[in-house]
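Comments concern the structure below.
Read the figures in this text as sums done on the coordinates, not as results from a lab. None of these values were measured; they are calculated from a predicted model. Every residue, glycine among them, receives a Cβ derived from its backbone with ideal geometry; neighbour counts consider all protein chains shown.
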Protein chains: 2
Amino acid sequence: MVRTVVVHDEELLRSALVQLLRSDAALEVSSRAPGAGLPDRDELPTDVWVVDGDCLWGPGQTHDTSFRAQRGGRLVVLTTARRPGILRRAFDGGALGLVDKNAPARRLITAVHTVAKGERFLDETLSVALLEGAAMPLTTRELSVLSLASQGAPLAEVAARLHLSRGTVRNYIAAAIRKVGARNRVDAIRILQSGGWT
Amino acid sequence: MVRTVVVHDEELLRSALVQLLRSDAALEVSSRAPGAGLPDRDELPTDVWVVDGDCLWGPGQTHDTSFRAQRGGRLVVLTTARRPGILRRAFDGGALGLVDKNAPARRLITAVHTVAKGERFLDETLSVALLEGAAMPLTTRELSVLSLASQGAPLAEVAARLHLSRGTVRNYIAAAIRKVGARNRVDAIRILQSGGWT
């Protein structure tokens, strides 16, 4: 039996994914919310975690670090080719499995079994997006500036929080707008968010 | 038998919801993508549509009108209390059922049966959000201006597309920022998007 835990922030979709995985009798499936605490000491170790990428790396999510610190098993991340930022961060974070949310259900079951054996599973439809994600043109600094700005922080606050001058922040933003081919700051934020980068 | 069709833009979650609904033997469940064409003439009429609210009214979605024009049955919309804009638009659009994505799975099944009888189903957790949504402070004009701006259109283009002067567009934006309690334009867009209003 492969002990599998589904992590999704919406209970309805969490139950739906659990039910889908239970159609394979070789999987023992439970679930939890992303923000739920550490597993009990008595709990059996998890073989595979199945996690919605938006719950870990989507806008406004803060579960990333704590979740990854507590997971004792292997990780299958659900996402789409339209979110190269989430793909890239999941891949860099050591996720063995990357499954397209647009794949048929049996692909997810195959992914769980593959990752349970310690092998990598990558949906073909995601590999191009993953490679494109590798070519993310922004520097870490430019991304942090845009990311803070996207949360509604005024320039002065972005500057203060990153210990930069306002002129430098403005330069980072101008560079970011140019690099992602945006028409203005709002457009640059939209492009980064829809790609799953902030 | 209640003929139920699940509409979700991601195949994996679509299958998962279908499987969940099939646990009730009194439901005959199929599914389709939001952008799929009209049902075949020979197809039996649908009793209840189960639709993810983000697929119809989420950012960048254009299925709203065509989907609603073609649906021959009754509508159950899945959403959360954090998206009063989607709740409000679903309610105003005539959806009989509003189910919280954080509700247990059996609530969805109850909702489908209730709506199939032509009765209204509203999750308690959503009713407060729906009432708050009624108090949306922006005028339609202010919302259109912010909505176009959120797609990255520069002020001049927003003005041209809405046949307004640039000064008027600036005034609408200033009023919107003040009314939603935002710190600037980016913050106002963030607030409206996270509430499901644009």
Give a residue-ordered list of calculated ³J(HN,Hα) values for region A:112-119 (Karplus: 6.51 cos²θ - 1.76 cosθ + 1.60, θ = phi - 60°; whole Hz; x for Gly, Pro). 4, 5, 5, 5, 4, 7, x, 9
Summing -39500 (n - 2.57) over every DSSP H run of at least 4 in chain B, dividing by its residue total and rounding to the nearest 500, the 222 nm mean residue ellipticity is -14500 deg cm²/dmol
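About the Cα centre of the protein assembly as shown, what is the dipole size in debye to 20, counting +1 per Lys and Arg Cβ and -1 per Asp and Glu Cβ, all else neutral?
1480 debye
DSSP loop (so not H, G, I, E, B), at most 15 other Cβ within 10 Å: list which GluC sites (Glu not before Pro) in region A:97-166 pass both filters. Write out the running numbers ahead of the final one.
Working: sites: A:Glu119, A:Glu124, A:Glu132, A:Glu142, A:Glu157; in loops: A:Glu119.
Here the sparse-neighbourhood loop sites are A:Glu119.
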Beyond 34 Å, what share of the Cα-Cα pairs of the protein assembly as shown remains, rounded to the nearest whole percent? 34 percent
State, to one decimal in nm and shortest first, how far the label point of A:Ala156 sits from each corresponding label point in the other identical copies (label point: 7 angstrom along Cα-to-Cβ). 3.0
Taking the Cα centre of region A:140-194 as origin and charging only Cβ (+1 Lys, Arg; -1 Asp, Glu), how large is the dipole, in debye to the nearest 20? 140 debye
Length gained, B:Ala26-B:Glu157, 0.36 nm per residue minus C-alpha separation, equals 41.9 nm
In nm, one decimal, shortest first: how far is the label point of A:Arg141 (7 Å from Cα along Cα to beta carbon) from the matching points in the other copies? 4.4
Expected response for nearest chain B Cβ to the B-A rotation axis, distance in whole Å, is B:Ala16, 2
Compute the long axis of helix B:166-179 from its Cα atoms, compare it with the longest principal axis of the Cα atoms of chain B, and write down the angle in degrees, 0 to 90, nearest 10. 60 degrees
Any idea what the dipole of chain B comes to, in debye rounded to 20, about its Cα centre with Lys/Arg Cβ at +1 and Asp/Glu Cβ at -1? 780 debye
Any residue on another chain or 5+ positions along whose placed amide H is under 5 Å from the amide H of A:Val6 is listed here as A:Ser30, A:Ser31, A:Arg32, A:Val50
Taking each residue of B:94-102 in turn, how many C-beta atoms of other protein chains fall within 10 Å of its C-beta, and what is the average? 2
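Shape of region A:140-194 from its Cα gyration tensor (a ≥ b ≥ c, root eigenvalues): rounded if a/c is under 1.5, otherwise prolate when a/b > b/c, or oblate?
Numbers: a/c = 2.00, a/b = 1.52, b/c = 1.32.
Here region A:140-194 falls in the prolate category.
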The long-range amide H neighbours of A:Phe121, using H built 1.01 Å from N in the peptide plane and a cut-off of under 5 Å, are A:Gly97, A:Leu98
Cut-off 10 angstrom, C-alpha nodes, Gaussian network model of chain B. Which of B:Arg74, B:Arg170, B:Arg14 fluctuates the most? B:Arg170
√(5λ) per eigenvalue of the Cα gyration tensor, chain B, largest first, Å: 35, 18, 13
